[in-house]
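Peer 1: Below is the structure I would like to discuss, written out as structure tokens.
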Amino acid sequence: MPGTPSAAGTAATRVATSAALVSLTLLLTTSCTDKPAKPTAAPASSAPSVATSPSTNAEEAEAREKVLAAYDGYRKAYVAAAAIPDTSGGKLRDFAADPLLSLIRADLQTNAEQGYILKGKPAWTVKVVNVNVAKRPFTAETEECFDSTNWKLVKRSTGKPAAVPGQTMKYLVTGEAAQFDDGRWLIRVNEAHRDQPC
């Protein structure tokens, strides 16, 4: 939130303030006595430094690339399956895993039973905001700006719009991907935040 200090910024301010108070205490103690003051340990930083090796950076870069490819494949497969709707999920299992895959298949099943399809094509811009390649299973977090302006829920028999009016069409979607034993990165979580336009 703009104007609100971050936790890291607040911690850094506390460390700087503590260091200034220690220096001031040392100065006052040595100027008021004949004996030299005992050294005081500097406050420990709340954020330990972590060295990153070139191999970790290369692994992270490769993971980011594969996550973005999986995400793009997931979105395209979902659009294709929702246009029919294909209750098996079509090619979704190549790009998505549970719990997301089960949720999508249930959604497709509901649309099929009620006679709805999703017509048109959405647009999306996704970025990887965090990658863990230090501990298995490797994971990544994503943020997407999803635009459903040109992707409409319609009645298959009539083509008439069936979406609830007044919904936000362009909004934030957060997600999580994981690398599976076969080396593939699959999207596991995808959560829409319609209250956060992008």
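Peer 1: For T125, indicate whether it is in the same structural domain as L68 (by TED's automatic domain parsing) and touching a strand residue (DSSP E or B) at 6+ places or on another chain (Cβ under 6 Å).
Peer 2: yes
Peer 1: Which one of A12, A41, A16 is surrounded by 12 or more Cβ atoms within 10 Å (Cβ to Cβ) and either at pLDDT below 95 or assigned by TED's automatic domain parsing to the domain that holds K160 (or both)?
Peer 2: A12
Peer 1: Looking only at residues that are of a type in the set (G, A, S) and more than 15 Å from the chain's Cα centre (by Cα) in segment 70-89, which one is nearest to F138 (Cα to Cα)?
Peer 2: Ranking the candidates gives G73 first.
Peer 1: With (1) in contact (Cβ under 8 Å) with a residue 12 or more places away in the chain; (2) in contact with a Phe, Trp or Tyr (Cβ under 8 Å, 6 or more places away or on another chain); (3) surrounded by 13 or more Cβ atoms within 10 Å (Cβ to Cβ); (4) not aromatic (F, W, Y) as the list, and T174 as the residue in question, which single condition is left unmet?
Peer 2: Status for T174: all satisfied but (2).
Peer 1: Shifting gears a bit: Can you name every residue in segment 107-129 that is under 15 Å from K152 (Cα atoms) and β-branched (V, I, T)?
Peer 2: I117
Peer 1: Quick check on my filter: what residues within segment 181-195 are surrounded by 13 or more Cβ atoms within 10 Å (Cβ to Cβ) and more than 20 Å from D107 (Cβ to Cβ)?
Peer 2: R184, W185 - these are the residues of segment 181-195 that are surrounded by 13 or more Cβ atoms within 10 Å (Cβ to Cβ) and more than 20 Å from D107 (Cβ to Cβ).
Peer 1: Which one of these is more than 20 Å from K170 (Cα to Cα), in the same structural domain as E176 (by TED's automatic domain parsing), surrounded by fewer than 18 Cβ atoms within 10 Å (Cβ to Cβ) and of a type in the set (S, T, N, Q): N111, N130?
Peer 2: Criteria check complete, one pass: N130.
The values are calculated or read from the model by the stated rules, or taken from the named source; none is laboratory data. Every value quoted in this text rests on a predicted model; they were computed, and no experiment measured them. Methodologically, a virtual Cβ is constructed for each residue, glycine included, from the backbone with ideal geometry; neighbour enumeration extends over all protein chains shown.
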